[in-house]
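This report concerns only the one structure given below.
The values are calculated or read from the model by the stated rules, or taken from the named source; none is laboratory data. The shown structure was predicted, so the numbers you read here are calculated from the model rather than taken from an experiment. So basically every Cβ, Gly included, is an ideal-geometry build from the backbone, and we count neighbours across all protein chains shown.
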Amino acid sequence: MIRLTLKDEPPLRLAADALVPERLAGKSAAEIERLPLAVGRTQGAVGDWFRVAAEGDADIEIDGPCGRLDRIGAGMGAGSIRVHGDAGAYLGLGMRGGSIAVAGSAGFGAACDLRGGTLRIAGDAGDGLGGALPGASAGMREGVVIVAGKAGDAAGAALRRGLLIIAGDAGAGCGAEMIAGTILVGGALGAYAGAAMRRGSIIALGGAKRLGAGFVDCGLHDLVFLRLLARQLAALGLAELAQRIGPLRRFAGDAAVAGKGELLVVP
């Protein structure tokens, strides 16, 4: 286990790209402390900001006021990271495998460009959850993201593949321009969910505030895939959400882009 404890809250954003299990594996505490770490526009070292304890495997635990610690787990492909508190922007950016667990909330762009692995956030997530990098054609491409609280606007925008679970409410534009994949919202779904979506499923167990004009009511359905999803949720430790899945009203769309996606909403 490698334990990284922030000495103090950084005055600027601190980029944590270097602090992934693959890069820290086999290194001593002194070697980790000498690794470069960018704070704002200034290049420093890990030891300038963290107390480091290294023993055994390369799984990482991060303690301290981490709200300004950005890009935690960026690009990681294996191992695990646990954050005891909040996380900054772009948590799990481009993550390819392994697992990240955050005890608090996460900032903008969590799971952006996610390509594999599991990301769990015990609190809330900011805007752009599971979204795309600027200029990219697709957002999250694989993996599982679980948010125990609510999510901001544009969650799952341009989602390409994977499972995005939000236990609370989701903001406006959830699943906008979605290409494929599944989004499950345990709370209320914000306005204009699925706008310009082409394929995929958005499930709202707490109802939807405002659906776009391009969605057609297809009536009440008890789909087999919903039962399979309930089993997957139970396996992920989300039995309470799984028990709430039953027959749902299906809206097909978005017809504005000849989409073949669906919004599934409690009747």
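A quick yes/no check of all residues on (1) in a loop (DSSP other than H, G, I, E, B); (2) under 23 Å from residue 125 (Cα atoms); (3) within 20 Å of the chain's Cα centre (by Cα):
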{"site": "187", "(1), (2), (3)": "yes, yes, yes"}
{"site": "193", "(1), (2), (3)": "yes, yes, yes"}
{"site": "197", "(1), (2), (3)": "yes, yes, yes"}
{"site": "203", "(1), (2), (3)": "no, yes, yes"}
{"site": "213", "(1), (2), (3)": "yes, no, no"}
{"site": "220", "(1), (2), (3)": "no, no, no"}
{"site": "225", "(1), (2), (3)": "no, no, no"}
{"site": "232", "(1), (2), (3)": "no, yes, yes"}
> Out of all the residues in region 74-83, is one or more more than 26 Å from residue 139 (Cα to Cα) and touching a strand residue (DSSP E or B) at 6+ places or on another chain (Cβ under 8 Å)?
Replying inline: no
>> residue 148 - would you say it is surrounded by fewer than 18 Cβ atoms within 10 Å (Cβ to Cβ), in contact with a Lys or Arg (Cβ under 8 Å, 6 or more places away or on another chain), hydrophobic (A, V, I, L, M, F, W, C) and under 25 Å from residue 229 (Cβ atoms)?
In response: no
>> I'd like to verify a number: residues in region 35-54 that are hydrophobic (A, V, I, L, M, F, W, C) and not in a strand (DSSP E or B), how many?
In response: 3
>> I'm checking my understanding of the structure. Among residues of region 55-74 that are at pLDDT 95 or above, in a loop (DSSP other than H, G, I, E, B) and of a type outside the set (A, V, I, L, M, F, W, C), which one is farthest from residue 2 (Cα to Cα)?
In response: 71
>> Cβ contacts < 8 Å: first residue over 15 Å from residue 148 (Cα atoms) and assigned by TED's automatic domain parsing to the domain that holds residue 207, restricted to region 234-248; second residue surrounded by 13 or more Cβ atoms within 10 Å (Cβ to Cβ) and among the β-branched types (Val, Ile, Thr), any location; separation 6+ or different chain. Result?
In response: 245/203; 248/203; 248/265; 248/266
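If you take the residues of region 1-35 that are within 13 Å of residue 88 (Cβ to Cβ) and of a type in the set (A, V, I, L, M), which of them is surrounded by the fewest Cβ atoms within 10 Å (Cβ to Cβ)?
Filtering region 1-35 for residues within 13 Å of residue 88 (Cβ to Cβ) gives 6, 9-10, 12-17, 19.
Imposing the further condition that a residue be of a type in the set (A, V, I, L, M) reduces the set to 6, 12, 14-16, 19.
Details: 6: 18, 12: 11, 14: 23, 15: 20, 16: 27, 19: 24.
Here the residue is 12.
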>> Which numbered condition in (1) farther than 19 Å from residue 156 by Cα; (2) under 17 Å from the mean Cα position of the chain (by Cα) is the only one that residue 74 fails?
In response: (1)
> For residues in region 75-115 being in contact with a Cys (Cβ under 9 Å, 6 or more places away or on another chain) and not in a loop (DSSP other than H, G, I, E, B), which is surrounded by the most Cβ atoms within 10 Å (Cβ to Cβ)?
Replying inline: 87
> Taking interchain pairs and intrachain pairs at least six residues apart, which have beta carbon atoms under 7 angstrom, with the first residue in region 26-55 and without any contact (Cβ under 8 Å) to a residue 60 or more places away in the chain and on the phi > 0 side of the Ramachandran plot and the second loosely packed, with under 15 Cβ neighbours inside 10 Å and not β-branched (Val, Ile, Thr)?
Replying inline: 40/12
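Going through region 234-267 one residue at a time, which ones are among the acidic types (Asp, Glu) and within 23 Å of the chain's Cα centre (by Cα)?
Let us first name the residues in region 234-267 that are among the acidic types (Asp, Glu), namely 240, 254, 262.
Correct list: 240, 262.
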> When region 216-251 is examined, which residues are found to be polar (S, T, N, Q) and surrounded by 13 or more Cβ atoms within 10 Å (Cβ to Cβ)?
Replying inline: 232
